[in-house]
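*Asks:* The following block contains the structure, expressed as structure tokens.
Read-outs: derived from the displayed coordinates by stated rules, not from any lab. Bear in mind that the values here come from a model prediction, so they are computed numbers and not experimental data. FYI the Cβ positions are ideal-geometry reconstructions off the backbone, even for glycines, and counts take in every protein chain you see.
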Amino acid sequence: MTLLTFRFAPSPNGELHLGHAYSALLNQRMAARAGGRLLLRIEDIDITRCTPEFEAGLLRDLEWLGLRWEQPVRRQSEHFAEYQAVLDRLIAEELVYPAFMSRGEIRAFIAETEKRGRGWPRDPDGVPLYPPLDKALPARERRRRIAENMPFAWRLDVEAAIARVSAGLSWAEFTDETMSATRAIEAKPRAWGDVIVARRDIPTSYHLAVVLDDTLQGVSHIVRGQDLYAATSVQRLLQELLGLPQPRYFHHRLILGPDGRKLSKSFKDTGLAALRQAGLSPQDVTRLVGL
């Protein structure tokens, strides 16, 4: 019998806060209830913001909380060759294209469009969808720009990708943390437009790395915050496109600050290190997050 496999996958680009504690402890609880495994993955593809110091800090925090995971820990930065191989496949199958527009050029294009009375669509996070200009560039012009070292990112041609997937896209979502019932959720990847799947200097993105890592690590159950619920649509499209197995999902509630907003590393909200230094115990943190 195959063991159910859960994972907690933080990025070492800041200090862990109460929201991370809730997600980590919930993964551990659900894995224990199911008699399954818990893995730890370090999502450090952002090599400029992720540091060894932050990684050491998050490991200290997780050990202090009482989290226990299987070894070895997977670090994404050690697997760029694996991501590059999959990116090369997407390039060869013409499912991605080089996108050259800068943020300023995108803003100018959208402002001009809206000046003519046309609204511009935005993704579920409120970010404007990428304009279609680069997708229409001739192959010769793309090669010229790349040869001249123009900055670019690889974007998924979402319409071409959807056309390649024959069946309707959906995912299985647990209705609560007891995993007693699931419901089918329709995936809507078009809502995100042509998302970035890799950059010129980093052969992957969050979306591409996470679906490959979950497959390579045998993750069967993904338990993560509600803030990633909509992003599952993109990841389901990539899974189908690449012939990867579909995990089951549970998107848990978020831990909010006193002002009602989601906790953030950038604002050092309720950092676990600070709580520990203030004299709180792991049991105190467990109670604070409602477990």
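*Asks:* Relative to the first principal axis of the alpha-carbon coordinates of the chain, what is the inclination of helix 232-242, with its axis defined by its Cα atoms, in degrees from 0 to 90 and to the nearest 10?
*Replies:* Approximately 70 degrees, to the nearest 10.
*Asks:* Going by amide H atoms built from the backbone, whose H comes under 5 Å of the H on THR204, apart from near neighbours?
*Replies:* Answer set, sorted by chain and number: ARG199.
*Asks:* ALA181: net charge of surrounding residues, Cβ under 14 Å, Lys/Arg +1, Asp/Glu -1, itself excluded?
*Replies:* Result for the local shell: -1.
*Asks:* Return the single residue from ARG144, ARG236, ARG75 with maximal mean-square fluctuation; model: Gaussian network over the chain, springs between Cα atoms under 10 Å.
*Replies:* It is ARG144.
*Asks:* Something else now. Using θ = phi - 60° and the Karplus form 6.51 cos²θ - 1.76 cosθ + 1.60, what ³J(HN,Hα) does each residue of segment 208-213 get, whole Hz, x for Gly and Pro?
*Replies:* 3J(HN,Hα) across segment 208-213, in whole Hz: 5, 5, 5, 6, 5, 4.
*Asks:* Would you calculate a helix-derived [θ] at 222 nm for the chain, using -39,500 (n - 2.57) for each DSSP H run of n ≥ 4 and dividing by the full residue count, to the nearest 500?
*Replies:* Helix-only estimate at 222 nm: -11000 deg cm²/dmol.
*Asks:* Quick one: among PHE109, PHE100, PHE54, which has the greatest mean-square fluctuation in a GNM of the chain with alpha-carbon springs under 10 angstrom?
*Replies:* Evaluated over the chain, the most mobile residue of the options is PHE109.
*Asks:* Once the other residues with Cβ under 9 Å from the Cβ of CYS50 are scored (Lys, Arg +1; Asp, Glu -1), what is the net sum?
*Replies:* In short, -3.
*Asks:* So how tilted is helix 18-33 from the main axis of the chain? Cα-based, degrees 0 to 90, rounded to 10.
*Replies:* Long axis of 18-33 versus the principal axis of the chain: about 70 degrees.
*Asks:* Could you work out how far helix 52-65 tilts from the main Cα principal axis of the chain, as a 0 to 90 degree angle to the nearest 10?
*Replies:* Compared with the principal axis, the helix lies near 40 degrees.
*Asks:* State the volume of the convex hull built on the alpha-carbon positions of the chain, expressed per residue in Å³ and rounded to an integer.
*Replies:* Convex hull volume per residue, Cα atoms: 160 Å³.
*Asks:* Mean-square fluctuation check for the chain, GNM, Cα pairs under 10 Å: which of GLN217, GLN76, GLN28 is largest?
*Replies:* GLN217
*Asks:* Pairs of Cα atoms under 8 Å, at least six residues apart: use those to get the relative contact order of segment 81-254, whole percent. Write out the running numbers ahead of the final one.
*Replies:* Numbers: 227 pairs, mean separation 42.0, N = 174.
Relative CO of segment 81-254 lands at 24 percent.
*Asks:* Let me ask something else. Which lysines have a Cα less than 29 Å from the Cα of LYS262, not counting those fewer than 8 places away in the same chain?
*Replies:* Partners within reach: LYS188.
*Asks:* For the chain, build the charge dipole from Cβ charges (+1 Lys, Arg; -1 Asp, Glu) around the Cα centre, then report which of ALA24, ALA209, PHE152 sits farthest towards its positive end.
*Replies:* Value computed over the given set: PHE152.
*Asks:* Let me ask something else. Taking H placed 1.01 Å from N in the peptide plane, check which residues at least 5 places from THR5 or on another chain put their amide H under 5 Å from its amide H.
*Replies:* It is ARG37, SER220, HIS221, by chain and number.
*Asks:* Just the number, please: Stokes-Einstein D of segment 104-228 in µm²/s, Kirkwood Rh from C-alpha pairs, 25 °C, 0.890 mPa s. Could the numbers behind the result be given before it?
*Replies:* Values: Rh = 17.6 Å.
For these conditions, the coefficient is 139 µm²/s.
*Asks:* Where does the charge balance sit around LEU40 when Lys and Arg score +1, Asp and Glu -1, over other residues with C-beta under 9 Å from its C-beta? Don't jump to the answer; show the numbers that get you there.
*Replies:* Values: positive: ARG7, ARG41, ARG74; negative: GLU70.
Result for the local shell: +2.
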